[in-house]
Amino acid sequence: MQHPDSKSRKGIKEPSVRQKFPSYAATPYNVAMVLLDAPQYDARKARIRRNIIIGIIVAIPFIAFFTWYWWNWPEEHRVNEFFHAIEAKDYSHAFAVWNNDPNWQQHPDQYKVYPYKQFASDWGPSGDYGVIKKAKIVVTKEYGTGVVIGIQVNDDPKTLFLWVEKKSKTIGYSPVELRF
């Protein structure tokens, strides 16, 4: 005779609630595994794990150093492109790099504050540095919303400081001079 709480279907007894949801709260904690049943030590897995950890520890300082070293690379590249155009006497391209506007000739009236004629006079053969044959970046420092880049022009001991705005990538004369 069946218990009134249990239901059967074609002779198959339905599991009780206790069987459906077993409680492990009452079982002793060490029934699942004892010390002698622990998995065997795998030297290969341990060596791989150790090598991965050592690799990460060694890689972090290298990544940090190269990130720090190349942090201002886009702005330095911009100044290098500018001076390459000046050295090649391509003042039109240099003006485009200076203003980050390759189509500046379509709308020259936008540059009334520092027009192309003044730019060509400042950076051409009659400018402060004469004919520019060599330019070398000697110092770079992030400052505010841009980067101050110190350039040694034609081996002149006086350093020229230019400002590159980080967002717009426009070049201008720096409001600050760096000591290095």
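Throughout, read-outs are computed from the coordinates displayed, never taken from laboratory work. Since the structure is predicted, the reported quantities are computational estimates derived from the model, not experimental observations. Every residue, glycine as well, gets a Cβ built from its backbone with ideal geometry; the counts of neighbours run over all protein chains shown.
For region 98-116, filtered to residues that are part of a helix (DSSP H, G or I) and in contact (Cβ under 8 Å) with a residue 60 or more places away in the chain, the residue that is nearest to T140 (Cα to Cα) is W98. You will find that of F161, F119, F95, the residue that is part of a strand (DSSP E or B) and either under 16 Å from L178 (Cβ atoms) or touching a helix residue (DSSP H, G or I) at 6+ places or on another chain (Cβ under 9 Å) (or both) is F161 and no other.
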